1. If you filter the range 1-81 for trypsin sites (Lys or Arg not before Pro), then keep DSSP loop positions with at most 13 other Cβ within 10 Å, what is left?
2. Please give the contour-minus-distance gain from residue 25 to residue 60: 0.36 nm per residue of separation, less the Cα-Cα distance, rounded to one decimal in nm.
3. Hey, fewest Cβ within 10 Å first, where do 64, 48 land in order?
4. Quick check on the range 39-81: take the gyration tensor over C-alpha atoms, sort the square-rooted eigenvalues as a ≥ b ≥ c, and tell me if it's rounded (a/c under 1.5), prolate or oblate.
5. Rounded, prolate or oblate: which fits the range 3-75, taking a ≥ b ≥ c as square roots of the Cα gyration tensor eigenvalues, rounded meaning a/c under 1.5, else prolate when a/b beats b/c?
6. Considering only 31, 59, 8, whose Cα is most displaced toward the positive end of the charge dipole of the range 3-75, charges sitting on Cβ of Lys, Arg (+1) and Asp, Glu (-1)?
7. Give the calculated FRET efficiency between residue 37 and residue 83 to the nearest 0.05, with a Förster radius of 41 Å applied to their Cβ-Cβ distance.
8. Provide the gained length on full extension for the span residue 97 to residue 14, in nm with one decimal, where the gain is 0.36 nm per separating residue minus the Cα-Cα distance.
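What follows draws every value from the coordinates through simple rules; no lab data is involved. Bear in mind that the values here come from a model prediction, so they are computed numbers and not experimental data. All Cβ positions, glycine included, derive from the backbone under ideal geometry; neighbour counts span all protein chains shown.
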Amino acid sequence: MLRFAWRWAQVGDRVLVHDREHLERDLMNGVVAAVKRVNHDTSIGIKVDDNGETRWLWPTPLFVHPTPLDQNESCWICDENAAPTPPPTLSPTKEVTV
Ligand SMILES: [Zn+2]
């Protein structure tokens with residue numbers, strides 16, 4: 001998420017979040033449910049619906065996108081997930097000599 005948006009995030013803001021432990025998963029819909037500001041640091045608690053189960057995440061800005069998704073914002077996690085899966089490496093064919 002853009003630093004500006006992160007600093008000004010408010011409870012109730014809708015966001016899209018990467019699951020830090022499962023980066024290969026699709027972005028999850030979340031709602032900002034807690035904002036802690038200590039000095040110049042902002043921590044944001046996000047409630048996500050994970051297949052019907054509510055989970056709390058405390059991500060860093062790198063894992064959070066504003067909604068609707070800004071296609072101009074670069075994100076290595078999204079880029080990686082959008083990349084086509086490389087074909088499986090073929091083991092070299094062994095020539096059998098008799
Ligand atoms: Zn992303």
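1. In loop regions of the range 1-81 (DSSP not H, G, I, E or B), the sparsely surrounded trypsin sites (Lys or Arg not before Pro) are 20, 25.
2. Going from the current span to full extension adds 10.9 nm.
3. 48, 64
4. Verdict is oblate for the range 39-81.
5. Cα axes put the range 3-75 in the oblate bin.
6. 8
7. According to the calculation, E is roughly 0.70.
8. 23.4 nm
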